[in-house]
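The values are calculated or read from the model by the stated rules, or taken from the named source; none is laboratory data. Bear in mind that the values here come from a model prediction, so they are computed numbers and not experimental data. So basically every Cβ, Gly included, is an ideal-geometry build from the backbone, and we count neighbours across all protein chains shown. The accessibility values were calculated without ligands, DNA or RNA, using every heavy atom of the protein model including side chains. Shrake-Rupley method; radii C 1.70, N 1.55, O 1.52, S 1.80 Å.
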Amino acid sequence: MRFSPATKAIAAALCLLTAGHVAAQQPAPANLERVTVAGRKGEVSPWFRAESQRFVVYSDAREEDVTQLLDNLEKLDHVLRIYTQPADEGGQPEPKLTLYYASRLSALREVDGSGPANAVGLYSSCASGVQGFNVLLERIPSLRDEQLDKSKLDDTLSYVFEAYTRHFLYRHTDIRTPASFIDGFAQYFSSVRFSAQQMVVGRTPPALGQYLHFLSEGRRYGLDYEDVLQNNIANAKSYGGEAGVRLEFEAKSWLLTHYMLSSDENRKRLGHYLAAVERGASPTVAFERVFGLKKGDAGQVMWRYGLSSVKALRVAMPSLPVARVSFRTLPQASGEFLLAESALKSCPSRPAGEALLKQVAALAARFPNDERARLTLSRAQIDWGNPQDAVPALNALVAADEANAEAWTLLGMAGLRLAERSEGDARRAHLQAAVGQLQRARALSPQSPEAALAVFKAEVAATEEPGSAALQGVISAWQASREVDALARSAALAYAYEGNADAAYQALGALAGSAGAGDSPQAQWARQWQGRLSTGVARRDILAEMRRDPVPEMPFKEWTLDKKSAMQAAELAAGLEGAQSFMQQQAESQRTEGAQLPQQPQR
């Protein structure tokens, strides 16, 4: 088995920070640009677009709040790349990650109403788009060096950092297990804070520290550390119900990860631990063996570590980047379609998708000449209606602007859907047209994973064998978006078709171990093909598999959950339990006292 380079590199990279500084080029000065759409003030949407080196953000908050968000995210991304040394992405420019930063929590429900009640953030990864959704809960402060280890940890940045760190591991590494490390790593970096040239990492997230203290006061555990290491949480019971179980898992995962990152020696052991788990070892057995613990001692060791050894680390980092932000206002029509379009790109269920088609069709009738309206409606028609309905509007868009990459992509995808519904000459005509349209889209937008996957599918279906450009295109797209299952499947087959069995095996491993995969059809398929590659597969069989209808894409959704409400629910449950116990004791005491009273003599 080919061992993932990410798990080899991560512990060695962590040690770079122990010297107290990381040297690199000096950061570029802050730079803000602003572009305003033409039109009257009333025609401008409250939503606007902001772009930095690695991110595109749509927001209805204040520009200064978005600037703070992007500056902190650019710094966190820089540090995470030092910590993890992401896998080589073939020298291809990365597509920028699209984020939505809403001023109200209800905007998250508009995009996806299927999440937990205490959700405050979401990352959705599908072939049509990878997007993050965050909410401005409180303003993000600008910190000086001396404030980094003492300032209040604001909820907005903590939840944004937690979500992005977790997503970073899925997007840029092949680490898929153990879940306790992935979540603990996310919690660990949720509390990192930056000044211009320093960072402090390892502070205790308030709700997690509060919950661990809550347990230390003699309350029962819902999870022991073996449960956490093994991710055995499905049937656990804890204060506050499911939210309380999740909070306990997060708190103990954070403490485990803090311990593993707490010293040079432990950081070296961390790489061996991740490697052992990737090779199939039990996370508990691997943890005890690698860190030199006796069987069953993890709980005691973590309890002692939490009492006295949790410390934050201050690091001088003159290389921290400064976000270079450009702003663009949006027309009213574009703002109206923003959340509906993002919902269409987030793998909605069929009922949700069909409801979105009706919503977008009604909205598009108000803005018949707006480009964004026509593009969004076309996407909804292709995915959830009749693809033919989208073709006239898309033809008009590319006729008006031959450089409209999104319109070319959607036109080619409409052709693919129409080919699926056709036979004979009609099918061949649709496929040939789709190949040309998607190749045009790919040339205009070489960083688009959606276009790369569509070109690959079209060439596989339309030609005797896919060309090298299509194979390399889908591989590059997966390398930049490793969390998208549809890309992982296609990249694995493309690698195998080119004769690179090791890389194919690695891509299949990421697919088999993706979050929530378990025994899903996608995971079963990946493990089956790992076995086939081990014994050898003919190219004709690989090509036949490329042409077979794949397992339907499962949405990969990473929810960020509010910890304060979970902590409050746990405290309330414990209080009610304590009150009930007290009342039972009082009643028992009264019964006992009544039984001990002297009996009146009978007359």
Per residue of the chain, what 222 nm ellipticity follows from adding -39500 (n - 2.57) for every DSSP H run with n ≥ 4, rounded to the nearest 500?
-18000 deg cm²/dmol
Work out how much length THR463 to ARG591 would gain on full extension: take 0.36 nm times their residue separation and subtract the Cα-Cα distance, in nm to one decimal.
37.4 nm
Using a ≥ b ≥ c from the Cα gyration tensor of region 399-525 (square roots of the eigenvalues), is it rounded, prolate or oblate, where a/c under 1.5 gives rounded and otherwise the larger of a/b and b/c decides, a/b for prolate?
prolate
Please list, or write none, the lysines whose alpha carbon is within less than 16 Å of the alpha carbon of LYS564, excluding same-chain residues fewer than 8 places away.
LYS152
Among the lysines, which fall within straight-line cross-link reach of LYS295, defined as a Cα-Cα distance under 23 Å, with same-chain neighbours fewer than 8 residues apart omitted?
LYS252, LYS268
Solvent-accessible surface ranking, highest first, for LYS311, LYS96, LYS358 at 1.4 angstrom:
LYS358, LYS311, LYS96
Whose amide H sits under 5 Å from the amide H of LEU330, counting only residues 5 or more places off or on another chain, with H placed in the peptide plane?
SER45, ARG49
Could you provide, to the nearest whole Å², the per residue accessible area of region 418-542 with probe 1.4 Å?
42
Scan of the chain for GluC sites (Glu not before Pro) in DSSP loops with at most 12 other beta-carbon atoms within 10 Å gives a longest site-free stretch of 218-401
Kindly state, as a whole number, the per residue volume in cubic angstrom of the convex hull around the alpha carbon atoms of region 154-209.
86
Quick one: grab the alpha carbon gyration tensor of region 199-297, order the square roots of its eigenvalues as a ≥ b ≥ c, and give me rounded if a/c is under 1.5, else prolate or oblate depending on whether a/b is larger than b/c.
oblate
In the chain, what percentage of the DSSP-assigned beta bridges are antiparallel, given to the nearest 5?
65
Measuring from the longest principal axis of the C-alpha atoms of the chain, the long axis of helix 264-278 (C-alpha) lies at a number of degrees, nearest 10, equal to 60
Could you work out what % of the accessible surface of the chain is carbon and sulfur, using a 1.4 angstrom probe and leaving DNA, RNA and ligands out of the count?
50
Once you have the Kirkwood Rh of region 268-353 from its Cα pairs, apply Stokes-Einstein at 37 °C and 0.692 mPa s and quote D in µm²/s.
172
If you take Rg/Rh (Cα atoms, Kirkwood Rh) from the coordinates, which of (1) 1.16; (2) 0.99; (3) 1.02 do you get?
(3)
Keeping every protein chain present and rolling a 1.4 Å probe, give me the accessible area per residue for region 211-359 in Å².
45
Which of rounded, prolate, oblate describes region 359-429, given a ≥ b ≥ c as roots of the alpha-carbon gyration tensor eigenvalues and a/c under 1.5 marking rounded, otherwise prolate only if a/b is larger than b/c?
oblate
GLU146 neighbourhood, Cβ < 13 Å, K/R = +1, D/E = -1, net charge +2
Distance between Cα centroids, region 305-376 to region 472-510: provide it in whole Å.
27
Can you report the principal axis dimensions of region 158-245 using only the alpha carbons, biggest first, rounded to whole angstrom?
43, 31, 18
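Within region 403-500, list the trypsin sites (Lys or Arg not before Pro) lying in a DSSP loop whose Cβ has at most 13 other Cβ atoms in a 10 Å radius.
Answer by residue number: ARG421.
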Once Lys and Arg are counted +1 and Asp and Glu -1 for all other residues with Cβ under 12 Å from that of SER253, the total becomes -2
